[in-house]
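The values are calculated or read from the model by the stated rules, or taken from the named source; none is laboratory data. Small disclaimer: the values here were computed from a predicted structure and weren't measured. Quick reminder, even Gly has a Cβ in these numbers, built from the backbone with ideal geometry, and neighbours come from all protein chains shown.
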Amino acid sequence: MFKIILFLTPLMFLILSALFAPLLAPFDVLESHLNHLHQAPNLTYYLGTDFLGRDVFSRLLFALR
């Protein structure tokens, strides 16, 4: 029973994150912040930004879908 719970807990977390991605994502997926290119992770951009200034955390949430 414990193994089932260990398997289902992260799976449910991923499913719920995918379902609520529009509510959890702090920025639009396609929105570019040209003055914030290659930002390191910080309080504004949880996983930083990519080479086009897009928020990596928001893109990761929508990639789960």
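Every condition in (1) in contact with a Gly (Cβ under 7 Å, 6 or more places away or on another chain); (2) at pLDDT 95 or above; (3) not acidic (D, E) holds for H33 except the one numbered (2). In region 26-40, the residues that are within 21 Å of R65 (Cβ to Cβ) reach residues that are surrounded by 15 or more Cβ atoms within 10 Å (Cβ to Cβ) and basic (K, R) with C-beta atoms within less than 8 angstrom, at least six apart or across chains, in these pairs: F27/R54; V29/R54; V29/R59; L30/R54; E31/R54; S32/R54. Can you tell me which residue in region 25-48 is surrounded by the most Cβ atoms within 10 Å (Cβ to Cβ), limited to those that are among the hydroxyl-bearing types (S, T, Y) and closer than 22 Å to F13 by Cα? Here the answer is Y45.
Total residues in region 2-25 satisfying the condition of being in contact (Cβ under 8 Å) with a residue 24 or more places away in the chain and farther than 13 Å from F57 by Cα: the figure is 1. In the set (1) over 21 Å from F13 (Cα atoms); (2) surrounded by 13 or more Cβ atoms within 10 Å (Cβ to Cβ); (3) of a type in the set (F, W, Y), F51 fails one condition alone, (2).
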